[in-house]
Amino acid sequence: MADGEEDPGVFSCRSLPSDPRLMATVTNAYLGTRVYRDILHVSGVYNGAAGDTHRADLPSPVSVRMAVPGADSLAETFTLNTRTGTFSHVLQSADYAAIHQLYAHHSLVHLMAFSITIQRSPRTTQPITVQLQTPFVPKSRDLELNQGPDFLGAHYVYGKTLVPEVEGGPCPTVHMLWTPVPPALTLPEQEQERSWEFLTAVAESEEEVKRSYSEGLTLVAAGSLHSSHVHAWAALWQGCCIDLEGPLPLRQALYGCLYYLLSSIPPQGNSGFLFHGISPGGLSNGTQGEDYWGHVFWDQDTWMFPNILLFYPGAARAMLEYRIRTLEGARRNAREQGYEGAKFPWESAATGREVCPEEIYGAQEIHITGDVLMAFEQYYYTTRDQKLFREDGGWKLVGAVAQYWCSRMVWSEQEQCYHIKGVMPPDEYHHQVDNSVYTNAVAQRSLNFAADVARDFLVPVPEEWVEHAQKVKVPFDEERKYHPEYDGYSPGELVKQADVVLLGYPLMHPMSSEVRRNDLEMYEPVTELSGPAMTWSMFAVGWLELKEVQRAQSQLNKCFNNITEPFKVWVENSDGTGAVNFLTGMGGFLQAVLFGYTGFRITRSSLHFNPALPEDINKLEVTGVSYLGNKLKFTITKEEIRIQVTASAQDPLGSPLEAVLQESGQRFPLCEGQSISFPMAAGWIQRSSTENH
């Protein structure tokens, strides 16, 4: 970073936002909280039955605020450092500095920690006292908590949630140990500096919570608790980064989105706990009545997943494993509605049963089932991980989804094709419509993928899969050359959010550029301006595909209305309503850059690229793109594309890659440590056609 240049990954301010919902969050894949909030959440721990199930609130021992009584002229700074996953508060006077650092440990996911450091300046010798204010009371409205004996100086509570999600189902258990927080800390007069460390460990068993707390104490004693966390974040950023030469607000938005999304994924390697997916507001939110109660929607599979897959296929796999674990619940949902196979719930918690408080969405917004399978498809084509499908339950899920779509379609004698009736499309302003174009196209895609996997595994392909895929109606207006949103849609009707525009990306439904343009032109002016934040990024991707970079940029710029200061927390709707820390909007925004500016498209046999950079961006670097076990770095300028293999496939199934240019057919072998470059062009990365180099 050049001198005087602001670091786009560090967000600092002198005062906190007045709305506590807009505070920075510190989370890992297991624990999460909003800074200065008196509760924290644990992955997969829900309380309440069916439509009442919500993330269980646990009292938070890390909600502590520093204050110095009677001090004059104190300078205060609050900083979220996305590079180190650390929130800090600094109180500075002429005589001393007091520094408070808070984080959810990225690799030791059962730990949250904070430290207080007091440093004196040479001009003073007095004792310095900092007060610690904490609202912590070890009680919860969602768990029956019991006090256990202290352990290594830590207090201990444990208990179960009060109401299971399904009748007779389990109530998750939570154990928590924490370092007691005194009302004040004093730096004695003879000392220059001192730090105090406070740990909170949370786990499902007494054994695990004690092991985690002890591990934390060992690292504290070695002076390496925070540095081990910083190291884990550094490794995360090293394997995945998007940076560009362009406007600072755009760079900051990218770092903010990546930080909040990466905070939600399991650490690389064995994380030692079951991952329960990502909800629209992440783990920091989801209390009853807030942020969709911590449920998991298509937001995870359609909006967040592609970004994570591109960089961290292992974390993407954990998201798919969550769906596999909830397959039995999805089968029950289908049976209860009178269909075969598996119907994923519109809102999912721990079991895969429908937990949406309003029945209409669970009954009608069935595109979710195809969205889940699309994530499996992208994963399969990017990794060729057959084990997930053959041994770990993926194939069962694929077959169950195909079966569901076949049973959900009805034959129309009049039109001689299959219809899907009585649904709500992604555009939730309409319901009980027939042949939602998005729903039918995603169903068709599910069936085609299921048949492809069957062929790969040399399993007979059920004829009904092929027939239903070929003959399902995908509404199209021949006269106007555009896709009506559903049977009977009239042009000009208001639309809540991205719907038909998703046919082009991510669905990649076959259509000409003329039709793609018509869909964008038709729906852009009638889409709700204050609708959910991810919408405009999908219009941006569409315009970038057509090389209309200015139109794309004007759509993407609308997203900035949803980014709040100072910590770049997203709100779902531009008027501030809806979910907060809206990871769905962040996921859409990242896709606009990762799949829009680069033109990346994941297909059965290759990773396509076809860049289009807006005028105010001179260079885009995407580091850590994972493809077939290799790691790639793309550097794109207005003139050229440079591709480097930073790590090649370690496993025997991984294969050498080559880049192929679309126009000329020219091939470039991609070897580790070497980079290739060529003038700006469209092309793709594929397995090398000559396997002998």
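The values are calculated or read from the model by the stated rules, or taken from the named source; none is laboratory data. Everything numeric in this text was worked out from a predicted model, so none of it was measured. A quick note on method: Cβ atoms are made from the backbone with ideal geometry, for glycine too, and the neighbour counts reach across all protein chains shown. Note: areas computed on protein heavy atoms with side chains; ligands, DNA, RNA excluded. Shrake-Rupley method; radii C 1.70, N 1.55, O 1.52, S 1.80 Å.
Data overview
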item: Alpha carbon centroid spacing (whole Å) that separates segment 359-438 from segment 144-183; result: 40
item: The chain - accessible surface per residue (Å², probe 1.4 Å); result: 37
item: Amide hydrogen neighbours beyond the local backbone of S688, cut-off 5 Å, H modeled; result: L657, E658
item: Restricting segment 459-538 to chymotrypsin sites (Phe, Trp or Tyr not before Pro) in coil, as DSSP defines it, with at most 15 other Cβ within 10 Å; result: F476
item: Cα shape, segment 196-312, gyration tensor, a/c 1.5 rule; result: oblate
item: Placed amide H near W570: partners under 5 Å, 5+ positions off or other chain; result: T564, N581, F582
item: Using θ = phi - 60° and Karplus 6.51 cos²θ - 1.76 cosθ + 1.60, couplings along segment 481-489 (whole Hz; Gly, Pro as x); result: 6, 8, 9, x, 5, 6, 4, x, 5
item: Long-range amide H partners of I265 with built H, under 5 Å; result: none
item: For segment 462-475, 3J(HN,Hα) per residue [Karplus equation, 6.51 cos²θ - 1.76 cosθ + 1.60, θ = phi - 60°, Hz, x = Gly/Pro]; result: x, 4, 5, 4, 5, 5, 5, 5, 6, 10, 7, 6, 10, x
item: In segment 78-167, the GluC sites (Glu not before Pro) that fall in loop regions by DSSP, at most 11 other Cβ within 10 Å; result: E167
item: Entries of K558/K638; K568/K633; K343/K568; K471/K633; K496/K568 with Cα pairs more than 30 Å apart; result: K343/K568; K471/K633
item: Cleavage-rule hits, GluC sites (Glu not before Pro), segment 586-659, DSSP coil, Cβ neighbours within 10 Å at most 14; result: E615, E639
item: Degrees, to the nearest 10: 327-336 long Cα axis against longest axis of the chain; result: 60
item: Longest exposed-site-free window of the chain, the sites being trypsin sites (Lys or Arg not before Pro) in a DSSP loop that have at most 13 other C-beta atoms within 10 Å; result: 142-479
item: Dipole of the chain [Lys/Arg +1, Asp/Glu -1 at C-beta], most positive-end residue of I366, A113, Q550; result: A113
item: Area projected by the alpha carbon convex hull of the chain, averaged over all directions, nm²; result: 31.8
item: Helix-only mean residue ellipticity at 222 nm for the chain, each DSSP H run of n ≥ 4 adding -39500 (n - 2.57), per residue, nearest 500; result: -8500 deg cm²/dmol
item: Estimated dipole of the chain in Debye, rounded to 20 [Cβ of Lys and Arg +1, of Asp and Glu -1, Cα centre]; result: 1200
item: Dimensionless Rg ratio for segment 504-606, taking C-alpha atoms and the 2.2 N^0.38 Å reference; result: 1.09
item: Cα long-axis angle, helix 367-383 against the chain (0 to 90 degrees, to the nearest 10); result: 80
item: Part-to-part distance (alpha-carbon centres) for segment 563-631 and segment 220-286, which is given in Å; result: 15
item: Rounded to whole Å, sorted largest first: equivalent-ellipsoid semi-axes of segment 1-116, Cα gyration tensor; result: 30, 18, 13
item: J(HN,Hα) series, segment 58-75, from Karplus relation 6.51 cos²θ - 1.76 cosθ + 1.60, nearest Hz, glycine and proline x; result: 10, x, 9, x, 8, 7, 10, 10, 7, 8, 10, x, x, 7, 9, 6, 8, 8
item: Neighbourhood net charge (14 Å Cβ-Cβ; Lys/Arg +1, Asp/Glu -1) for S93; result: -1
